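Peer 1: Before I ask anything, here is the structure I am working with.
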Amino acid sequence: MRILIGFFVLLAATSLNAWSIGDTEKNNLSVSTAVEELKHYLKLCASDIKIDGKSAVFHIGDTAKARSAGINTAKLAEEEWLIKSDKNDIFITGGGKRGTLYGVFVFIEKYLSVRYFNAHEEYIPAPKELAFKSFDEKGRPFFKFRNLFRDPEFPDDKGRFAAKMRINQDGQSQISPQYGCDDAYGLPAHVHNIERADGYLPTAKYLKSNPEYYAIIKGKRDGSARSGQLCFSNPDLVPLFKAKLREYVKQSEARAAQRNAAPPRIYDISMNDNLNFCQCQRCAEAVKKYNRSGVLLNFLNQIADDLKTYRPGCYIQTLAYFATQEPPRNVKIADNIIIRLCDTYSKLTEPVTSPANTAFRTRLQAWAKQCKNIIIWKYAITYDDSKGMAYPSEFNYPADFAFYAKNNVIGVFMEHEGPSTGDMYDLKVYLEAKFMENPNADFHAVTKDFMHKYYGSAAENIILYRKKLFDAAKKNKAPMAYFSPSSKGFRYVDFAVMAECQKLFDNAENMVKNDTVLLHRVRRARMGLDLLLVKNLMPHYLFGMFSSNMDCSTLFKMINDAQKRVIETHAKSSKILKNTSKRFTADVKNNFDQMQYSAMPEIFKDKKVIFFPLSLWRIHSKKFITLAPSDKAFFKYACKVDMSQAPASYKNPMRNGICDEKLKKITSGTPIKPAADNDFKWYRLGTFRFNKGNPSHFFITNNWGMSISTSLFAEHLGDRDIDLYIEMKFNKENMEIGTLAAVIK
């Protein structure tokens with residue numbers, strides 16, 4: 001009985017799909033994958049595909065049927081694909097290991113209307129009969145090397161998503177042979193490969209025996225990763241690197257053969273990750289003639305010339321980064337050298353064509369005049385405290401990629417980690433892949449298509465939100481530097497814009513409130529805005545409102561709601577992704593917890609008072625000071641000092657004051673002699689003035705164990721006199737320091 005039922009189900013399933021698969025290329029793993037992927041999506045999306053009224057028959061790869069139809073796959077370039085019909089026969093084939101696979105994914109996307117959102121989400125339209133007149137098109141990704149560096153959180157799908165999006169370098173992960181492999185880097189690593197245990201010249205192995213290999217930095221030989229480099233003018237390094245590279249080539253090719261992959265084409269020799277360059281006399285003289293990049297390239301040219309003799313199709317790649325970003329003088333760059341130019345200049349809310357980004361634009365143009373092979377290292381994220389916060393960088397992509405295409409750029413390396421926290425991560429990654437494939441893609445059409453298919457009925461509100469951010473950035477000339485923008489870099493989102501954007505998301509969530517999948521996607525889109533509020537702009541908004549004597553209840557509710565959403569959304573995303581940070585949710589929660597204050601103290605009744613949130617304290621002496629919950633403290637948090645470990649400067653009376661860094665002047669407050677009981681008390685420190693434009697800090701204790709920057713006070717209060725108060729409690733074992741309060745005179 002089970003056999004009959006199974007047979008009936010098979011017949012029923014087969015009868016629903018009138019299309020068929022004809023002959024396919026044999027003994028080609030990626031073509032076999034292409035066939036299975038095509039079957040999978042055809043069954044989901046097409047009850048039939050007809051060409052001039054007849055059901056289609058698909059022929060995949062280099063087949064006898066394709067050759068009889070006049071299709072010569074051998075003439076197609078690496079990664080080039082072709083989709084062509086002859087009557088009701090549809091031929092999909094391509095060049096190299098990936099061309100046919102790319103052609104199939106293009107067909108699925110373009111003609112079946114499937115969308116590949118990320119490694120675990122896609123759009124599948126309802127199945128129906130599809131009719132076409134004919135097919136005759138071919139294409140090829142524009143940039144030779146296309147890398148989405150998404151490590152370490154994204155799911156390991158063996159490169160399936162990368163292949164779908166026609167990406168041929170998947171960060172540091174390998175694309176499996178079944179998905180066409182990747183244009184892999186050879187050993188030892190794709191970047192910063194000098195000071196590694198398996199690198200060219202690790203100091204642990206060579207510094208004692210050959211200190212002359214390493215750079216002189218501030219009078220000492222230094223090869224360390226964070227401050228050292230090599231002495232690239234030392235002629236003894238050339239034969240050593242030639243021999244080491246030959247060995248790396250052998251090892252890399254053996255590894256590739258084991259995984260049935262093509263041998264690597266790129267071998268990186270790049271500097272350590274710091275700003276320094278050798279200061280020895282020989283290097284200093286060479287720098288005058290060639291620039292620092294020229295000193296490096298004179299060294300690499302010799303190794304590249306040797307590489308060409310035994311691996312003519314391979315490249316040596318190096319970084320134009322910090323010390324070596326300026327192009328060389330009086331040096332001809334070898335044709336088999338790739339310059340990976342790092343964009344450490346550009347403002348993140350402006351395209352490369354903007355006057356604000358003239359420095360990087362002109363630098364790229366200068367390199368393009370001397371080098372045939374440039375890869376752009378583009379920072380698609382922000383780091384440190386600004387990680388994940390909202391900024392509308394996607395609007396720059398059309399101008400950026402079009403400019404790269406005109407200036408000898410053969411590849412783009414998008415550094416874009418952090419899918420669990422990244423601002424509009426799925427949209428931006430999707431667009432990055434599309435523009436690496438086609439630098440002249442229609443930004444608005446691609447964006448609108450993604451938004452409506454990914455967010456459903458919430459799409460229009462989110463589109464308006466991104467446009468509002470973009471307009472605010474332009475209007476307020478957002479000064480957002482790459483890598484780790486300062487707190488002020490995000491001030492382009494004033495409170496009115498923040499409130500409008502939050503309202504758009506309220507509307508968006510309401511539109512999809514009954515769909516758990518779409519609601520989570522909307523919440524993830526909102527997370528960048530929420531992070532911007534709770535981790536960056538909250539103190540700025542609060543101080544502005546406090547100093548203007550405005551009601552803050554609306555802002556506190558907004559903060560409260562945003563905080564809860566961030567924690568819940570990140571926790572849910574963590575179940576899908578891997579290696580997500582538990583510390584992230586703890587940090588965000590702590591920031592909010594530290595804003596939960598109790599009733600207004602009696603001492604400040606009828607006074608205009610501003611409180612420093614606990615998140616603004618900088619703890620310098622972490623061995624004996626910890627920030628921890630404290631129920632009786634004003635903000636329910638306090639800095640707890642272990643008196644058994646603390647130095648004498650923490651004992652009664654304690655010195656405090658304002659240190660004006662510009663004037664190099666300290667204004668001392670009244671020394672504090674805390675009462676020896678178990679209750680918090682407010683202690684008046686004296687009258688102070690914060691000079692606008694002068695960086696200063698309030699410090700407590702002689703040894704600067706804790707301090708708070710007073711820049712926000714100076715910004716919002718100008719040069720007005722204020723009375724400062726500190727909240728403290730004291731006993732023999734512990735002292736607890738609460739918040740700082742300022743009464744405006």
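The values are calculated or read from the model by the stated rules, or taken from the named source; none is laboratory data. Computed from a predicted structure; not experimentally measured. Every residue, glycine as well, gets a Cβ built from its backbone with ideal geometry; the counts of neighbours run over all protein chains shown.
Peer 1: Return the total of residues in the stretch 452-467 being within 22 Å of the chain's Cα centre (by Cα) and among the charged types (D, E, K, R).
Peer 2: Final tally of qualifying residues: 2.
Peer 1: Across the stretch 231-251, what is the number of residues that are touching a residue at least 40 places away in the same chain (Cβ under 8 Å) and either farther than 15 Å from K205 by Cβ or in a loop (DSSP other than H, G, I, E, B) (or both)?
Peer 2: The number of residues fulfilling the criteria is 11.
Peer 1: Still on this structure, please answer the following. List the strands (runs of 3 or more DSSP E) that sit entirely inside the stretch 672-711 and contain at least 1 residues that are surrounded by fewer than 19 Cβ atoms within 10 Å (Cβ to Cβ), in contact with a helix residue (DSSP H, G or I) (Cβ under 6 Å, 6 or more places away or on another chain) and not polar (S, T, N, Q).
Peer 2: Where strands (runs of 3 or more DSSP E) fall fully within the stretch 672-711 and carry at least 1 residues being surrounded by fewer than 19 Cβ atoms within 10 Å (Cβ to Cβ), in contact with a helix residue (DSSP H, G or I) (Cβ under 6 Å, 6 or more places away or on another chain) and not polar (S, T, N, Q), they are 677-689.
Peer 1: If you take the residues in the stretch 484-511 that are surrounded by fewer than 20 Cβ atoms within 10 Å (Cβ to Cβ) and not in a helix (DSSP H, G or I), which one is nearest to the chain's Cα centre (by Cα)?
Peer 2: For the stretch 484-511, the residue satisfying everything is S484.
Peer 1: Quick one: would you say S113 is among the small types (G, A, S), in contact with a Cys (Cβ under 9 Å, 6 or more places away or on another chain) and outside any strand (DSSP E or B)?
Peer 2: yes
Peer 1: When the residues of the stretch 368-391 are filtered to those that are among the β-branched types (V, I, T) and surrounded by 22 or more Cβ atoms within 10 Å (Cβ to Cβ), which remaining residue is farthest from the chain's Cα centre (by Cα)?
Peer 2: Only one residue tops the list, namely I375.
Peer 1: In this structure, does E129 turn out to be outside the structural domain of I266 (by TED's automatic domain parsing) and without any contact (Cβ under 8 Å) to a residue 24 or more places away in the chain?
Peer 2: No.
Peer 1: Within the stretch 158-201, track down each residue that is assigned to a loop (DSSP other than H, G, I, E, B), of a type in the set (S, T, N, Q) and more than 13 Å from A433 (Cβ to Cβ).
Peer 2: If the condition is that a residue be assigned to a loop (DSSP other than H, G, I, E, B), of a type in the set (S, T, N, Q) and more than 13 Å from A433 (Cβ to Cβ), then Q172, Q174, S176, N193 are the ones that fit.
Peer 1: In addition: Just to be sure I understand the filter: pairs with C-beta atoms under 8 Å, separated by 6 or more residues or on different chains, first member in the stretch 404-422 and farther than 13 Å from L341 by Cα and modelled with pLDDT under 95, second member among the polar types (S, T, N, Q) and not in a loop (DSSP other than H, G, I, E, B). Which pairs pass?
Peer 2: These pairs meet every condition: P419/S573; S420/S573; S420/S574.
Peer 1: Let me confirm something: among A261, A254, A243, which residue is modelled with pLDDT under 95 and either farther than 23 Å from M414 by Cα or surrounded by fewer than 20 Cβ atoms within 10 Å (Cβ to Cβ) (or both)?
Peer 2: Matching residue, one of A261, A254, A243: A261.
Peer 1: Condition first: touching a Lys or Arg at 6+ places or on another chain (Cβ under 7 Å) and among the hydrophobic types (A, V, I, L, M, F, W, C). Can you find one or more residues in the stretch 283-299 that meet it?
Peer 2: No: zero hits.
Peer 1: Please go through the stretch 308-350 and pick out each residue that is at pLDDT 95 or above, under 19 Å from M271 (Cα atoms) and among the acidic types (D, E).
Peer 2: E326 - this is the single residue of the stretch 308-350 that is at pLDDT 95 or above, under 19 Å from M271 (Cα atoms) and among the acidic types (D, E).
Peer 1: Considering every residue within the stretch 247-255, establish whether at least one is closer than 19 Å to N193 by Cβ and hydrophobic (A, V, I, L, M, F, W, C).
Peer 2: Yes, the stretch 247-255 has at least one match.
Peer 1: Let me ask something else. Kindly list, by first and then second residue, each pair from a residue in the stretch 698-711 that is within 10 Å of W617 (Cα to Cα) and assigned by TED's automatic domain parsing to the domain that holds I722 to a residue that is modelled with pLDDT of 85 or more and in a loop (DSSP other than H, G, I, E, B), limited to pairs with Cβ atoms under 8 Å and residues at least 6 apart or on different chains.
Peer 2: Within 8 Å, the pairs are M706/H620; M706/S621; S707/H620.
Peer 1: Quick one: would you say A286 is in the same structural domain as G219 (by TED's automatic domain parsing) and either part of a strand (DSSP E or B) or not charged (D, E, K, R) (or both)?
Peer 2: Considered against the rule, which asks whether it is in the same structural domain as G219 (by TED's automatic domain parsing) and either part of a strand (DSSP E or B) or not charged (D, E, K, R) (or both), A286 comes out as yes.
Peer 1: Could you list, in sequence order, all residues of the stretch 36-83 that are β-branched (V, I, T) and either free of Cβ contacts under 8 Å to residues at least 40 places away in the same chain or at positive phi (or both)?
Peer 2: V57, I71, T73
Peer 1: Test E736 against the criterion of being assigned by TED's automatic domain parsing to the domain that holds S630, surrounded by 15 or more Cβ atoms within 10 Å (Cβ to Cβ), of a type outside the set (A, V, I, L, M, F, W, C) and not in a strand (DSSP E or B), and give yes or no.
Peer 2: Criteria not met by E736.
Peer 1: Further, regarding this structure: Return the total of residues in the stretch 267-287 being crowded, with 20+ Cβ neighbours inside 10 Å and touching a His at 6+ places or on another chain (Cβ under 9 Å).
Peer 2: Of the residues in that region, 4 qualify.
Peer 1: Out of the residues in the stretch 412-451 that are farther than 20 Å from P155 by Cβ and aromatic (F, W, Y), which is surrounded by the fewest Cβ atoms within 10 Å (Cβ to Cβ)?
Peer 2: Within the stretch 412-451, the match that is surrounded by the fewest Cβ atoms within 10 Å (Cβ to Cβ) is F443.
Peer 1: Here is a follow-up. Given K572, K578, K564, K640, which one is among the basic types (K, R) and either part of a loop (DSSP other than H, G, I, E, B) or in contact with a Phe, Trp or Tyr (Cβ under 6 Å, 6 or more places away or on another chain) (or both)?
Peer 2: Matching residue, one of K572, K578, K564, K640: K578.
Peer 1: Okay, moving on. Just checking, does the stretch 119-133 include any residue being in a strand (DSSP E or B) and among the hydroxyl-bearing types (S, T, Y)?
Peer 2: Yes, the conditions are met somewhere in the stretch 119-133.
Peer 1: Suppose the filter is within 14 Å of Q279 (Cα to Cα) and within 29 Å of the chain's Cα centre (by Cα); does G219 pass it?
Peer 2: Here the answer is no, as G219 does not meet what is asked.
Peer 1: Mind checking which residues of the stretch 116-164 are out of contact with any helix residue (DSSP H, G or I) (no Cβ under 9 Å at 6 or more places or on another chain), closer than 23 Å to V57 by Cβ and of a type outside the set (D, E)?
Peer 2: Those that are out of contact with any helix residue (DSSP H, G or I) (no Cβ under 9 Å at 6 or more places or on another chain), closer than 23 Å to V57 by Cβ and of a type outside the set (D, E): A131, K133, S134.
Peer 1: Can you work out which of the residues in the stretch 331-354 that are part of a loop (DSSP other than H, G, I, E, B) and basic (K, R) is nearest to the chain's Cα centre (by Cα)?
Peer 2: Ranking the qualifying residues of the stretch 331-354, first place goes to K347.
Peer 1: Please specify each residue of the stretch 438-483 satisfying the condition of being of a type in the set (G, A, S), in contact with a helix residue (DSSP H, G or I) (Cβ under 7 Å, 6 or more places away or on another chain) and in a helix (DSSP H, G or I).
Peer 2: If the condition is that a residue be of a type in the set (G, A, S), in contact with a helix residue (DSSP H, G or I) (Cβ under 7 Å, 6 or more places away or on another chain) and in a helix (DSSP H, G or I), then G456, S457, A458, A459, A472 are the ones that fit.
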